[in-house]
Amino acid sequence: MKYRRSCRLPTVLSALLLTLAPLIFSAADAREQKVFHLNISPNGYPPYLIVDQGAPSGIIWDVVSLITQRLGYSVVAEQIPRKRVDEMLLGGHIDCTPRAREWTDDPDNFVFTDPIVTIEEVFFFPKRSEFVYETPEDLFSRTVVTHLGYLYPQLEPYFSEGKIRRFDVSRHRDMFTFVLHGDRFDVAVADRLVGKWILRNEGLQDQFSTSRKGIREYGLRLMLRPEWQSFANEFNTELARIRASGELDAILANYR
């Protein structure tokens, strides 16, 4: 009897280990899982960040989710108001926010990835209009619908002199409504992708034309704390890879 019980002991231990193995490896995976806290802001920035459709989406969200997954991270969306983002980022409450370097007061305090997509400010105008933009002089004596609080360095001297009239609105969507239905509004200035996204969703894409030439271009990047430099390098490598493979173009196509 003693011999039989001693023979059964290894069998019992093996069965026990087999039972516990999934739990052990699951706990190890949880410890190894890295979390990346991405700010998507309370209102988003369609089509780059979309927050009003249940789960987050948009160009930046899709790209970051794809790349961070390949780097071994899971992404958590955080909704931080614009005025608190830099403070929360430097304090370690979030890991990253989408940002153009030119939009940052103290860019040297942060690390930026390579541009994910280009922000291109262009003019939108009704198709019935014969407007063509080549230089700011083409806007003289016209009224440009602009976004409240935005700066347009190339046009600011002409706004100040009264050669170009500026009319501010608080929402991108309203810019197109004023231009389409207001007799005294000539053109709206907006990012090309943002404008086309709004027009597509409002069913107005057939009523507007877009200037070939714009006034500014920015690279929309990820902005991180300095200690994330190695992550930024890895992100850039994978970003170049998905750009070469066509995966980035496929994501962009979903929002055009």
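The values are calculated or read from the model by the stated rules, or taken from the named source; none is laboratory data. None of the values given here were measured: they were computed from a predicted structure. FYI the Cβ positions are ideal-geometry reconstructions off the backbone, even for glycines, and counts take in every protein chain you see. Surface areas here come from the heavy atoms of the whole protein model, side chains and all, with no ligands, DNA or RNA. Shrake-Rupley method; radii C 1.70, N 1.55, O 1.52, S 1.80 Å.
A 1.4 Å probe run over the chain, with the rest of the protein chains in place, finds 56 Å² accessible per residue.
Rolling a 1.4 Å probe across all protein chains gives residue 165 an accessible area of roughly 110 Å².
Extending 7 Å from the Cα toward the beta-carbon at both residue 247 and residue 170 defines two label points whose distance is 4.1 nm.
Using 0.36 nm per residue of separation minus the Cα-Cα distance, give me the extension gain between residue 150 and residue 212 in nm, one decimal.
Values: separation 62, 0.36 × 62 = 22.32 nm, distance 2.14 nm.
So the chain would gain 20.2 nm between residue 150 and residue 212.
Phi angles across the range 225-241 convert, under the Karplus curve 6.51 cos²θ - 1.76 cosθ + 1.60 with θ = phi - 60°, into 3J(HN,Hα) values of 6, x, 5, 9, 4, 5, 5, 4, 5, 5, 4, 4, 4, 6, 4, 4, 5 Hz, Gly and Pro given as x.
Label 7 Å along Cα→Cβ of residue 102; the range 39-55 residues with amide nitrogen under 17 Å? It comes to no residues whatsoever. Taking label positions 7 Å along the Cα-Cβ direction at both residue 200 and residue 130, the computed distance is 3.3 nm, reported to one decimal.
Rounded to whole numbers, the Karplus 3J(HN,Hα) couplings from phi for the range 82-95 are 4, 5, 9, 4, 4, 4, 5, 5, 5, x, x, 7, 10, 9 Hz, using 6.51 cos²θ - 1.76 cosθ + 1.60 with θ = phi - 60°, and x at Gly and Pro.
Rounded to 0.05, the FRET efficiency of the residue 138 and residue 79 pair, given R0 = 35 Å and the Cβ-Cβ distance, is 0.30. Over the chain, Cα pairs under 8 Å with separation of 6+ residues give a relative contact order of 25 percent. Ranked by the mean number of other Cβ atoms within 10 Å of their residues, highest first, the peptides 214-221, 116-123 come out as 116-123, 214-221.
With a 1.4 Å probe and all protein chains left in place, how much of the accessible area of the chain comes from carbon and sulfur atoms, in whole percent?
With neighbouring chains kept in place, the figure for the chain is 51 percent.
Summing +1 for each Lys or Arg and -1 for each Asp or Glu among the other residues whose beta-carbon sits under 12 angstrom from that of residue 240 gives -2.
What number, rounded to the nearest 500 deg cm²/dmol, is the helix-based mean residue ellipticity at 222 nm of the chain, given -39500 (n - 2.57) per DSSP H run of at least four residues and division by all its residues?
-12500 deg cm²/dmol
Within the same chain, aspartates and glutamates fewer than 8 places from residue 127 are excluded, and of the rest, those with a Cα less than 14 Å from its Cα are 186, 206.
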